[in-house]
Amino acid sequence: MIIVENSRDLFYDNLERKKMPSKKRRRKEERPKIHPKNKYSDNPPDFALLASLYPTFKPFVFYTREGRPRIDWTDFNATRELTRVLLLHDHNLHWWIPHGQLCPTVPNRSNYIHWIEDLLSSHIIPRDNTNGGNVRGFDIGTGANCIYPLLGASLFGWSFVASDMTDVAIEWAERNVKNNPNISELIEIRKVKCSQNTLSPEGLSGESSYSEEREGLPSSSLDISASEDKSYYGPAILVDVVRDGETFDFCMCNPPFFESFEEAGLNPKTSCGGTYEEMVCPGGEKAFITRIIEDSVVLKQSFRWYTSMVGRKVNLKFLVSKLREVGVTVVKTTEFVQGKTFRWGLAWSFVPPAKKIVTPHVTEKNILSFMLEGIQRQFGAIHVLQSVESFFLAGGASCKLNASSFVVDITASADHCNALLNNDVKYIDEVASCSNVQEAPSNLCFRILVFQQIPGTLLVKGSLQHRDSALSGLFSSIIQQLEASLRQKFCKEKTGTNYI
């Protein structure tokens, strides 16, 4: 059995698209929010206040013509000092990294930590008391900054094993832990042994087997077969690092996103540093996270949750389909938003889900809607309406389409709802659907309407017909899946996302 969910609804507000008088205002109000438990959700960092309290930060702050305090995000020293003062001011953590090491943004990293907390507190998989009720995590590639263990230990009292392969990362991670004695006993820094095949900058110019697999490096002599091989051949990630008999509640990872150092430097608007080992991997994040998946197949229930951050949405789709192939029981995804930076979270488990996979409850809203903007010219409302019908028919639900009224009435059983919630993978990656959840005593009945707003923009509205249905709690998730499917099929994909 496998459950695939988009878990935005764990902590993101339902984003109801409303018709606005201007596109600029509509985009602003539709922007997803950061985690509501994030300290910076309602109170973003106040640069002016921080500059007045911390003299070392003051030289990096300047003011716009409108009098707004800013920093130069392309200045590594500025971003590092901001991270230092935020960790000290808001978390009472003493922290530093040498020049060139990856400098994390505190609000962004906090989103990931809070999502882990949501996963652990959910009832999707049974809780485990193997570690005496104490939460134990594993940070893959913690870096010199050691940001996730520091935040997890200070915010929630979690214990961590934090791994890395370079001497500089190990040295500074240990320093950052020791400089915070109140949590130092909660964090173990573990050195990963580098195999002879480990890729390093020095190994790019000759005998390393990776030099022919790297893309975009001047010293590489690529051929077609080499460039198509995206397998990971670096140092150990989980297998051979996790010790016999060890168990963890979760692992987390900020993987090397890029396939080359040139690719990593394509964003001129930020300077967060980052060494080759932190930023680059043959095959990029896709190959790296695939290896985590392969390791998880070996370790299985040694972890309740396996998780990773993902930098490109197209890779998320591939990885979810990969998880289905290896037989995981649960997959969850989410979106992290901080300013103009978008990331995605991927989590999976081999632990058998609890008997009640989704706790029946009354949905908060019986009418949900979303806007489809940027619809390609060849498509109109009737095409979207027909696609809505096809989406629900693919899950086995009963549909009645009224083309003159632009309405589809849907009746779905518990089995159909499960198939629809898993349809995100089937629809995008064309993978066979998964097995069903436990039968529910009643059906879910709702209506989908499609309205023409302006050329290229449609409003899709879903209305729940029987609010007291035992399956009504699934309504919001199903509408989210429908929205994702329609957006991919009809809307022009947005570009220009920053990858930091």
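The values are calculated or read from the model by the stated rules, or taken from the named source; none is laboratory data. Since we're looking at a predicted model, the values are computed, not measured. Cβ placement follows ideal geometry from the backbone for every residue including glycine, while neighbour counts extend to all protein chains displayed. Note: accessible area is taken over every heavy atom of the protein model, side chains too, but ligands, DNA and RNA are not part of it. Shrake-Rupley method; radii C 1.70, N 1.55, O 1.52, S 1.80 Å.
Could you please give the count of residues in the stretch 88-111 that are on the phi < 0 side of the Ramachandran plot, in contact with a Ser or Thr (Cβ under 9 Å, 6 or more places away or on another chain) and open to solvent by 40 Å² or more (accessible area, probe 1.4 Å)?
Of the residues in that region, 1 qualify.
Among the residues of the stretch 324-347, which ones are buried (at least 20 other Cβ atoms within 10 Å of the Cβ) and either part of a loop (DSSP other than H, G, I, E, B) or in contact (Cβ under 8 Å) with a residue 60 or more places away in the chain (or both)?
Answer for the stretch 324-347, where residues must be buried (at least 20 other Cβ atoms within 10 Å of the Cβ) and either part of a loop (DSSP other than H, G, I, E, B) or in contact (Cβ under 8 Å) with a residue 60 or more places away in the chain (or both): Arg324, Val328, Val330, Val331, Lys332, Thr333, Thr334, Phe336, Gln338, Arg343, Gly345, Ala347.
List the number of the failed condition for Ser405; all other conditions in (1) of a type outside the set (Phe, Trp, Tyr); (2) touching a Leu at 6+ places or on another chain (Cβ under 9 Å); (3) modelled with pLDDT under 80; (4) loosely packed, with under 14 Cβ neighbours inside 10 Å hold.
Among (1) of a type outside the set (Phe, Trp, Tyr); (2) touching a Leu at 6+ places or on another chain (Cβ under 9 Å); (3) modelled with pLDDT under 80; (4) loosely packed, with under 14 Cβ neighbours inside 10 Å, Ser405 violates only (3).
Given the residues Ile187, Ile170, which is the only one that is at pLDDT 95 or above, within 12 Å of Thr142 (Cα to Cα), in contact with a Phe, Trp or Tyr (Cβ under 8 Å, 6 or more places away or on another chain) and surrounded by 15 or more Cβ atoms within 10 Å (Cβ to Cβ)?
Ile187
With the structure loaded, tell me whether Glu16 is of a type in the set (Asp, Glu) and at pLDDT 50 or above or whether it fails that test.
no
Kindly indicate the residue of the stretch 348-370 that is modelled with pLDDT under 70, among the hydrophobic types (A, V, I, L, M, F, W, C) and farther than 30 Å from Phe451 by Cα and also surrounded by the most Cβ atoms within 10 Å (Cβ to Cβ) among those meeting that condition.
Val358
Could you count how many residues in the stretch 412-460 are modelled with pLDDT under 80, out of contact with any Phe, Trp or Tyr (no Cβ under 9 Å at 6 or more places or on another chain) and outside any loop (DSSP other than H, G, I, E, B)?
Adding up the residues that qualify gives 6.
Could you check the stretch 285-323 and list, in sequence order, the residues that are open to solvent by 30 Å² or more (accessible area, probe 1.4 Å), among the hydrophobic types (A, V, I, L, M, F, W, C) and either within 20 Å of Val242 (Cα to Cα) or in contact with a Ser or Thr (Cβ under 6 Å, 6 or more places away or on another chain) (or both)?
The answer is Val297, Val298, Leu299.
Matching residues to (1) over 15 Å from Asp118 (Cα atoms); (2) of a type in the set (A, V, I, L, M):
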{"position": "Asp295", "(1), (2)": "yes, no"}
{"position": "Ser302", "(1), (2)": "yes, no"}
{"position": "Ser308", "(1), (2)": "no, no"}
{"position": "Gly311", "(1), (2)": "yes, no"}
{"position": "Asn315", "(1), (2)": "yes, no"}
{"position": "Ser321", "(1), (2)": "yes, no"}
{"position": "Val326", "(1), (2)": "yes, yes"}
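Quick check: anything in the stretch 380-390 at pLDDT below 85, open to solvent by 10 Å² or more (accessible area, probe 1.4 Å) and either at positive phi or in a loop (DSSP other than H, G, I, E, B) (or both)?
Checking the stretch 380-390: not a single residue is at pLDDT below 85, open to solvent by 10 Å² or more (accessible area, probe 1.4 Å) and either at positive phi or in a loop (DSSP other than H, G, I, E, B) (or both).
Output the number of residues of the stretch 123-171 satisfying the condition of being more than 23 Å from the chain's Cα centre (by Cα), of a type outside the set (Gly, Ala, Ser) and not in a helix (DSSP H, G or I).
7
Restricting the search to the stretch 68-100, which residues are more than 25 Å from Asp167 (Cα to Cα), touching a Lys or Arg at 6+ places or on another chain (Cβ under 9 Å) and in a loop (DSSP other than H, G, I, E, B)?
Trp73, Thr74
Would you call Val85 in contact (Cβ under 8 Å) with a residue 12 or more places away in the chain, within 29 Å of Leu49 (Cβ to Cβ) and surrounded by 17 or more Cβ atoms within 10 Å (Cβ to Cβ)?
yes
Which of the residues belonging to the stretch 41-67 are of a type in the set (Gly, Ala, Ser) and either crowded, with 16+ Cβ neighbours inside 10 Å or in a helix (DSSP H, G or I) (or both)?
Hits for the stretch 41-67 are Ser41, Ala48, Ala51, Ser52.
Which condition from (1) among the aliphatic types (A, V, I, L, M); (2) modelled with pLDDT under 90; (3) assigned to a helix (DSSP H, G or I); (4) surrounded by fewer than 22 Cβ atoms within 10 Å (Cβ to Cβ) is the one that Leu393 breaks?
(2)
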